[in-house]
1. Order the following by accessible area, largest value first: 135, 220. Probe radius 1.4 Å; ligands, DNA and RNA are ignored.
2. Quick one: what are the phi-derived ³J(HN,Hα) couplings along segment 227-232, Karplus 6.51/-1.76/1.60 with θ = phi - 60°, whole Hz, x for glycine and proline?
3. Let me check against my output: what whole-number percent is the relative contact order of the chain, with C-alpha pairs under 8 Å and at least 6 apart?
4. Which far-off residues, 5 or more places away or on another chain, put their amide H under 5 Å from the one on residue 421, with H placed in the peptide plane?
5. So what's the angle, to the nearest 10 degrees on a 0 to 90 scale, between helix 177-190 and the longest Cα principal axis of the chain?
6. Could you tell me the distance between the Cα centroids of segment 141-198 and segment 209-223, to the nearest Å?
7. Enter the angle in degrees (range 0 to 90, nearest 10) between the Cα long axis of helix 108-125 and the first principal axis of the Cα atoms of the chain, meaning the one along which they spread out most.
8. So how do 339-348, 195-204 stack up, highest first, on mean other-Cβ count within 10 Å?
Amino acid sequence: MAEETRHPFLHGLSKHRGSPPTVIVIFGASGDLTARKLIPAIYNLGFDGLLPTDFHLIGFGRKPIPNAKFRKIAEGAIEEFSRRKLSKEVWARLAPRTTYMDGGYDDKKAFVELAKTIKELEKKTGQELQTLFYISTPPNVFAPIIKNLGASGLASRYLGKPHQSRVIIEKPFGRDLATAQALNKELTTVFAEDQVFRIDHYLGKETVQDLLVQRFANSIFEPIWNRNFIDHVQITVAEQVGVESRAGYYEQSGALRDMIQNHTMQLLALTAMEPPVSMDAESMRDEKVKVLKAIQPLKLDGPDPDFARAQYGDGVIDGKPVHGYLNEKDVAPQSGTETFAALRLSINNWRWQGVPFYLRSGKHMARRVSEIAIRFKQPPGNLFGASSGFQLASNTLAFQIQPDEGLSLILNAKIPGLETRTQPVKMNFKYATTFGSNTPEAYERLVLDAMIGDGTLFIRGDETERSWQLCTPLLEHWAKQGREGMDTYASGSWGPKAADKLLAGNGHTWREP
Ligand code: BG6
């Protein structure tokens, strides 16, 4: 393996973060996520030497697929989607350990068969294997899979030991509070909470983890990280893509369920939480839950509600005309599904009282950009140029989650010259410049963490319920309203007017990152 292609950070990592011998079983093995993210993630872990020597991958799905064909599909997925080119050497090690089984998700016999296959692998290798189940299917089969993992004994293999069975469950984790509670109940009837890894891939992003490092490994932020210095916070998760071929899913979801309830809320929790006593899973998640609990219920009625929603209309993206959501394939002509949602949240605790947190996410927006922008208060009075009409910019610390990952700080500086005039300037830190650009993908980190049993970057049951508790009244409100009050925004813009109104009352405006 060429030494220079390895990320320097990973050299020390492999020594300390070894996983027990493991078999990963992917349910939904012929799905899109498996090809785009999971197989490439496992391959890259193999490339970095982070898979245990005794590693096996079993794809499980409804369609019968011969092993050889599944291996070809996996190889093709690596070629197409991996951040690194396919190394024949790494694949030669992984391919013989990759197999496929077909079976019905509600067929207990198929799970008993799976248990037998795993036992045979153990016999062959003379080792006890940890089983990590990855549920990457549509949500309507989550429950039968969980039930059958319980009924077949697969869920309780080596319970209480470091190599006990574990389960990763993909989103959507419910579609409102009641369904999330029901799913939690199904899961925890079969698995203990420390066996469950609810995924939110945003937590696996390098920049999202760096937010924690920036906050808690530097001493300059803590004294100013509160209502005395911060005016407001803007969290933007904008996408340029539209609904593409996913209308079947998206029509039942919408921006609030698809992005705000999970990814954007997680960014908020990490920004606003108190320092945890340690970085272990429970301490981290305790703090996230605490801050989510402090968020006030949304104001739904009256002239100035705490939300905006809209659908993209016709517009231009990358210089090309594109059509609106209602004209997309498989979208109902009178669809009430929002492709953009924005919220204004108040966090009722000592740190954040009176500091609005604005969240927005949408498809077909001007750019693909995710960022957390901390806007600081203006200095008391403008000594420089207020009389000549110069406005000082608000100091803004922006965490650029993606793309163009980095951190920037906007300051006011003097323009060189014989009079004192000011101009906002930007201090920039770019990941790519300092560390190079080939950093691990979110799923690599998360699959490795789950293999090791580290739940720090996964969502705990009470956390997801709390987040649904905040969003559910709004979802019900929208369901009642149908299309009434649905705004539109031009594709390729920064969103609807209603989202600007959300900030205007406080004299704020959205950044155009
Ligand atoms: C997924 C959503 O969770 O996140 C998609 O279902 C969205 O609709 C995607 O496109 C965005 O993820 P990323 O990592 O590309 O920002």
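The values are calculated or read from the model by the stated rules, or taken from the named source; none is laboratory data. Note that the structure is a prediction, hence the values are computed from the model and not measured. Cβ coordinates were reconstructed from backbone atoms using ideal geometry, including for glycine residues, and neighbour counts include every protein chain displayed. Calculation scope for accessible area: heavy atoms of the full protein, side chains included, ligands and nucleic acids excluded. Shrake-Rupley method; radii C 1.70, N 1.55, O 1.52, S 1.80 Å.
1. Sorted by accessible area, descending: 220, 135.
2. 5, 6, 10, 9, 7, 6
3. Relative contact order here is 17 percent.
4. So residue 421 has HN proximity to 415.
5. That works out to roughly 30 degrees.
6. Taking the Cα centre of each part, segment 141-198 and segment 209-223 sit 34 Å apart.
7. The two axes meet at around 80 degrees.
8. My ranking of the peptides, most packed first, is 339-348, 195-204.
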